[in-house]
């Protein structure tokens with residue numbers, strides 16, 4: 001049986017500082033895992049849907065940890081391959097104080113950066129209801145850029161549904177003079193595009209919700225969600241559905257990392273359940289709010305019962 005959602009991208013081992021303060025003063029770390037695409041797959045799985053993750057890890061203990069941990073979350077890892085020549089990626093999370101997190105990446109030359117066409121099971125992708133990509137993967141290496149282009153071409157030729165979150169990593173993009181044009185190219189081929197407001201401004205030079213949405217809808221995107229942190233999300237579809245959903249209230253932000261992935265998992269789950277775009281955005285916003293109240297990339301992703309019990313306040317939708 002093939003999963004409803006397929007994600008493709010790098011997941012790394014996370015070493016999270018066990019105490020607040022600069023890393024030079026932190027003696028201990030907690031080992032976790034994090035990666036935008038696998039985070040989304042886990043979020044969707046926790047809501048009762050099936051998801052698969054395609055990637056490559058090092059043939060080392062850290063790679064085996066990643067596959068075991070993500071498989072343990074119910075995600076299909078059968079299309080993850082092991083690379084004997086390159087190591088599993090790593091990143092370290094520093095928390096100077098509550099709600100303020102800094103991330104340091106050690107991913108150059110990682111196994112996932114060696115992804116190529118032979119790493120992909122095309123039949124597996126073809127049988128998914130939704131394929132989710134981010135703007136991280138293409139900038140890991142030239143081979144990753146090529147494989148993302150090939151996946152998008154394959155998705156469009158086979159009339160599959162493409163979800164795209166830019167998830168911009170400017171340090172990765174610095175080696176690509178045409179990075180903005182490449183992200184725009186990918187975004188315009190998506191069926192649903194989920195940028196943050198700052199990412200949209202980087203791409204188009206404006207923070208006007210309707211101007212941004214109109215640009216991408218005219219370019220061929222059928223649905224767009226523009227996230228603006230604790231303010232809310234503007235959404236619009238080619239069918240004319242549009243509005244602004246204020247964010248759910250959060251009393252304490254413990255760890256902001258992973259909120260966007262939680263949002264994407266909620267929106268995708270809503271679409272898999274044939275909900276309207278407004279309902280899907282509400283689901284995503286609720287999950288994003290829950291994620292920031294817990295340490296870790298995936299620890300705050302809720303199961304269905306916890307989601308239904310969440311009592312964050314929201315105001316009326318503005319149209």
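Data table
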{"item": "Given (1) in contact with a helix residue (DSSP H, G or I) (Cβ under 6 Å, 6 or more places away or on another chain); (2) buried (at least 22 other Cβ atoms within 10 Å of the Cβ); (3) not in a helix (DSSP H, G or I), number of the condition residue 52 does not satisfy", "result": "(1)"}
{"item": "Residue in segment 113-132 that is out of contact with any helix residue (DSSP H, G or I) (no Cβ under 6 Å at 6 or more places or on another chain), part of a loop (DSSP other than H, G, I, E, B), at pLDDT 95 or above and within 21 Å of residue 263 (Cα to Cα) present", "result": "yes"}
{"item": "Residues that are part of a loop (DSSP other than H, G, I, E, B), closer than 24 Å to residue 189 by Cα and either under 18 Å from the mean Cα position of the chain (by Cα) or touching a residue at least 12 places away in the same chain (Cβ under 8 Å) (or both), drawn from segment 240-272", "result": "241"}
{"item": "Matching residues, segment 222-239, being within 22 Å of the chain's Cα centre (by Cα), part of a loop (DSSP other than H, G, I, E, B) and under 12 Å from residue 277 (Cβ atoms)", "result": "222"}
{"item": "Residue 300 being surrounded by 17 or more Cβ atoms within 10 Å (Cβ to Cβ), assigned to a loop (DSSP other than H, G, I, E, B), at pLDDT below 95 and in contact with a strand residue (DSSP E or B) (Cβ under 6 Å, 6 or more places away or on another chain)", "result": "no"}
{"item": "Strands (runs of 3 or more DSSP E) within segment 71-111 that include 2 or more residues exposed (fewer than 13 other Cβ atoms within 10 Å of the Cβ)", "result": "100-106"}
{"item": "Checking residue 181 against (1) surrounded by fewer than 21 Cβ atoms within 10 Å (Cβ to Cβ); (2) within 17 Å of residue 221 (Cα to Cα); (3) in contact with a helix residue (DSSP H, G or I) (Cβ under 6 Å, 6 or more places away or on another chain), the condition it does not meet", "result": "(3)"}
{"item": "Filtered residues of segment 55-102 (kept if modelled with pLDDT under 95 and within 17 Å of residue 137 (Cα to Cα))", "result": "91"}
{"item": "Tally of residues being in contact with a strand residue (DSSP E or B) (Cβ under 8 Å, 6 or more places away or on another chain) and over 24 Å from residue 160 (Cα atoms) across segment 213-242", "result": "7"}
{"item": "Subset of segment 217-230 (residues that are more than 25 Å from residue 35 (Cα to Cα) and without any contact (Cβ under 8 Å) to a residue 24 or more places away in the chain)", "result": "217, 218"}
{"item": "Single match in 91, 124 (criterion: in contact (Cβ under 8 Å) with a residue 40 or more places away in the chain and either under 17 Å from the mean Cα position of the chain (by Cα) or under 21 Å from residue 59 (Cβ atoms) (or both))", "result": "91"}
{"item": "Failed criterion for residue 40 (all others in (1) in contact (Cβ under 8 Å) with a residue 60 or more places away in the chain; (2) assigned to a helix (DSSP H, G or I); (3) over 21 Å from residue 260 (Cα atoms); (4) in contact with a strand residue (DSSP E or B) (Cβ under 6 Å, 6 or more places away or on another chain) hold)", "result": "(3)"}
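The values are calculated or read from the model by the stated rules, or taken from the named source; none is laboratory data. Quick caveat, the model's predicted, so the values are computed rather than measured. Cβ coordinates were reconstructed from backbone atoms using ideal geometry, including for glycine residues, and neighbour counts include every protein chain displayed.
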